Amino acid sequence: MRRAALVLLAVIAGAGIGRVATAANTVPTGKVGQGSSVTSSYSISGVSYTLDVNNPQNVGTVSFTISPASARVVKVRLFSAGAWYSCTNTSGSVSCTTAAPATSSNNLTVVASQ
């Protein structure tokens, strides 16, 4: 009888511990979803490069026109694996100053988003 009482007590204690351990698992309400939409690209035109004032062998700034002009974030890269440079877009007229003058350029990659 004593042994049965100990087994029963162990089962009740185990059930209580299991319930306490799982009682803290709450998930807050939120939204989850998936969707898609058509995106359009930007047009870049009138690209011009300005040489660095201190060392005319380096590119100092890149300027171009972007359409549509509503891009809030614009960045450029002048070399395939080079650094990204932040740009300023003023009504579609974009200017990008290189933080450290770019010593070489083999392509212009532009990334823009609204």
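Derivation of every value follows stated rules applied to the coordinates shown; laboratory data play no part. Just so we're clear, the structure is a prediction, and the values are computed from it rather than from any experiment. Virtual Cβ from ideal backbone geometry, glycine too; neighbours counted across all protein chains shown.
Each residue of the stretch 77-86 was assigned a 3J(HN,Hα) from its phi angle through the Karplus curve 6.51 cos²θ - 1.76 cosθ + 1.60 (θ = phi - 60°); the sequence is 9, 9, 9, 3, 10, x, 6, 8, 10, 6 Hz, with glycine and proline shown as x. Packing, as the average of other Cβ atoms within 10 Å across residues, places the peptides 67-79, 44-56 in the order 67-79, 44-56, highest first.
Taking θ as phi - 60° and the Karplus parameters 6.51, -1.76 and 1.60, the scalar couplings of the stretch 26-40 work out to 10, 10, x, 5, x, 10, 9, x, 9, x, 8, 8, 6, 10, 10 Hz in sequence order, x denoting glycine and proline.
Over all Cα atoms in the stretch 44-113, the spread is summed up by Rg and Dmax: 11.5, 34 Å.
Close amide H partners of Asn58, meaning residues 5 or more places away or on another chain with modelled amide H under 5 Å apart, are Asp52. Projecting label points 7 angstrom from Cα along Cα→Cβ for Gln114 and Ser70 puts them 0.3 nm apart.
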